[in-house]
Amino acid sequence: MNKFETVDNEKELERQYHYIDLLKNVVNHLKEIKQRNITACVETFGCQMNARDSEKISGILKSAGFEIIEDEKADLTIYNTCSVRDNANQKVYGRLGRLSTYKKANPEMKVVICGCMTQEEQVIDKLCQSYSFVDLIFGTHNIYRFAEYLFYVYEGIERSADPEIDVIKKGHTLISHWNETTVVCENLPKDRKYFYKSGVNIMFGCNNFCTYCIVPYVRGRERSREADEIIKEIEGLVKDGCVEIMLLGQNVNSYGKNLDNPISFSELLKRIEKIEGLERIRFMTSHPKDLSDDLIEVIKNSSKICHHIHLPLQSGSSRILKKMNRVYDKEKYLDLALKIRREIPDISITTDIIVGFPTETKEDVDDTIDVIKKVEFDNAFTFIYSIRTGTPAADMEQLDEEFVKEQFDRVLNAVQETAKKRVGLLEGQTLSALVEEVNKQDESLMTGRLSNNTIVHFKGTKDLIGKIINVKLNECKGFYYIGKIVE
Ligand code: SAM
Ligand code: SF4
């Protein structure tokens, strides 16, 4: 038995399916009154974890009879928020202004805010004070109770003698705030955005407490799912037409450590590899401190694991890495990245870099640029350090904005140079690509993704979506290719 309670298929699932049924009655009643469908719009901010959570939210809504649309003027609009950087929070506050106008025009409209931002108590206070039209607020731990909370909103239920009803009402807003959870509850309906690929949560939360990062505070302690549950979910996805899965966790390399029968991430990958019909396996994110030789071997010998690894560096300066509590130093990162390059030469290595962490000097940034040049990253997400209240780095002395902007531009230039060089190496090769969608700019083109995550556009038809085909990479356009299908 997992140390963390797995409530799948048990009492809680039964309870939530019961609330989905009750919600169905509410939606049917509204349909009758309005003589039209009742619509819902789910807006996602942030990372793949949030995108997957939004599929769970939409899944519940669809099962309850809502029509999912992309227009925020829907009968019900949900913001699934991110709080990793302050600009993500500001974006949500800005957009809420617009929602308030929609709600004034249609007072029956319901507005729901959930996700990482609403794990922070000061955010809940601000929402209640300045955005009092919001109908429902809940966080990341209790998503699986969404149907229940929404039913309370529609029925005007505020509190009850039942301790299971974990909501309070502040003004107009119904709130359910959990600080922590030990529960993993996954077997509720999901509305997948793509039929041919899907994210699969293998673990939740994070125990690393990097000093700049809010994730451990808003996503809770690390909890791994049982391997059998993960395999079952992937087998179901494959039956449903899925050929590619992305295993999701804040630090996939520490997967399985907290299970009663511990299993390593490499072992999990070997089990997933055996699933017939599954063609591609991706995963993110790998923390450099936990990436084992064993994992490198498993990727090297696998015919399904994609040749792309996202290995966040954050900083190339050992001094800053120590202050960030990243546990590795510049040399250890370089050894690891260069070993991966040696063992799997066609792999692409991408990264995350933060510029402007407290006390960072020009020399520290020189170290970051040195690592960029030595590893030759295929791509990088570069971020300006953002103060997150409650994290240790928020109490450190902050840098001058102008200085940070200059350093950021230096890092960005270095990354763009290596990325261009690495992507260009593929010119003339014929490689397999998963066809993902019609090109947004030119409808005669299809867009595919190579194993190493590079994008290629080529002439083709819609019926190819979801298929893996061979493409000759004719022309490198900087960070992507124009190619041609090879029969
Ligand atoms: N768990 C992953 C890891 O450790 O690499 C990353 C998860 S985090 C959602 C994604 C990225 O956001 C991090 O790798 C980091 O570069 C960036 N990030 C996190 N906190 C930040 C902050 N306070 N300011 C700027 N960037 C931040
Ligand atoms: Fe944040 Fe560090 Fe955990 Fe990644 S490993 S989620 S950066 S605390």
Task: Given (1) within 22 Å of the chain's Cα centre (by Cα); (2) open to solvent by 20 Å² or more (accessible area, probe 1.4 Å), index of the condition Glu397 fails - done: (1)
- [ ] Look at region 202-229 and say how many of its residues are part of a loop (DSSP other than H, G, I, E, B) and surrounded by fewer than 16 Cβ atoms within 10 Å (Cβ to Cβ).
- [x] 3
TODO: Looking only at region 235-250, decide whether some residue is more than 18 Å from Ala51 (Cβ to Cβ) and surrounded by 20 or more Cβ atoms within 10 Å (Cβ to Cβ).
DONE: no
- [ ] Sort out which residues of region 289-314 are buried (at least 18 other Cβ atoms within 10 Å of the Cβ) and small (Gly, Ala, Ser), and write them in order of number.
- [x] none
Task: Ala88 within 16 Å of ligand 2 (Cβ to nearest atom), open to solvent by less than 40 Å² (accessible area, probe 1.4 Å) and either closer than 23 Å to Val215 by Cβ or not in a helix (DSSP H, G or I) (or both) - done: yes
TODO: Starting from region 342-358, keep only residues that are over 30 Å from Leu399 (Cα atoms) and in contact (Cβ under 8 Å) with a residue 24 or more places away in the chain, then list their pairs with residues that are among the acidic types (Asp, Glu) and crowded, with 20+ Cβ neighbours inside 10 Å whose Cβ atoms are within a distance under 7 Å, requiring at least 6 positions of separation or different chains.
DONE: Ser348/Asp378
Open item on the list: Please go through region 83-134 and give me each residue that is of a type in the set (S, T, N, Q) and either in contact with a Phe, Trp or Tyr (Cβ under 8 Å, 6 or more places away or on another chain) or over 16 Å from Asp71 (Cα atoms) (or both), ordered by number.
Closed with: Ser83, Asn87, Asn89, Gln90, Ser100, Thr118, Gln119, Gln122, Gln129, Ser130, Ser132
- [ ] Please verify whether region 387-401 includes one or more residues that are of a type in the set (Asp, Glu) and in a helix (DSSP H, G or I).
- [x] yes
Open item on the list: more than 16 Å from ligand 2 (Cβ to nearest atom), within 21 Å of Arg449 (Cβ to Cβ), open to solvent by less than 10 Å² (accessible area, probe 1.4 Å) and β-branched (Val, Ile, Thr): is that true of Ile372 in this structure?
Closed with: no
TODO: Determine if region 97-108 includes at least one residue that is of a type in the set (S, T, N, Q), outside any loop (DSSP other than H, G, I, E, B), more than 16 Å from ligand 2 (Cβ to nearest atom) and out of contact with any helix residue (DSSP H, G or I) (no Cβ under 6 Å at 6 or more places or on another chain).
DONE: yes
TODO: Test Glu158 against the criterion of being in contact with a Phe, Trp or Tyr (Cβ under 7 Å, 6 or more places away or on another chain) and away from ligand 1 (no atom under 16 Å from the Cβ), and give yes or no.
DONE: no
- [ ] Sort out for me the helices (runs of 4 or more DSSP H) sitting completely within region 230-343 that have 2 or more residues that are away from ligand 2 (no atom under 16 Å from the Cβ) and under 26 Å from Val184 (Cα atoms).
- [x] 265-273
- [ ] Take the residues in region 15-50 that are within 16 Å of ligand 2 (Cβ to nearest atom) and in a helix (DSSP H, G or I), then tell me which one is nearest to Thr77 (Cα to Cα).
- [x] Asn50
TODO: Identify, from the list Asp463, Asp442, the residue that is part of a helix (DSSP H, G or I) and not basic (Lys, Arg).
DONE: Asp463
TODO: Check region 327-337 and report whether any residue there is among the β-branched types (Val, Ile, Thr), within 11 Å of ligand 1 (Cβ to nearest atom) and either modelled with pLDDT of 95 or more or in contact with a helix residue (DSSP H, G or I) (Cβ under 8 Å, 6 or more places away or on another chain) (or both).
DONE: yes
TODO: Mind counting the residues in region 425-440 that are under 29 Å from Ile245 (Cβ atoms), open to solvent by 10 Å² or more (accessible area, probe 1.4 Å) and in contact (Cβ under 8 Å) with a residue 24 or more places away in the chain?
DONE: 8
TODO: Tell me, please, whether a residue that is open to solvent by 50 Å² or more (accessible area, probe 1.4 Å) and part of a strand (DSSP E or B) can be found in region 405-424.
DONE: no
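The values are calculated or read from the model by the stated rules, or taken from the named source; none is laboratory data. Note that the structure is a prediction, hence the values are computed from the model and not measured. Don't worry about glycine lacking a Cβ; one is built from the backbone with ideal geometry, like all the others, and counts go over all protein chains shown. Heads up: the accessible areas ignore ligands, DNA and RNA and are worked out on the full protein's heavy atoms, side chains in. Shrake-Rupley method; radii C 1.70, N 1.55, O 1.52, S 1.80 Å.
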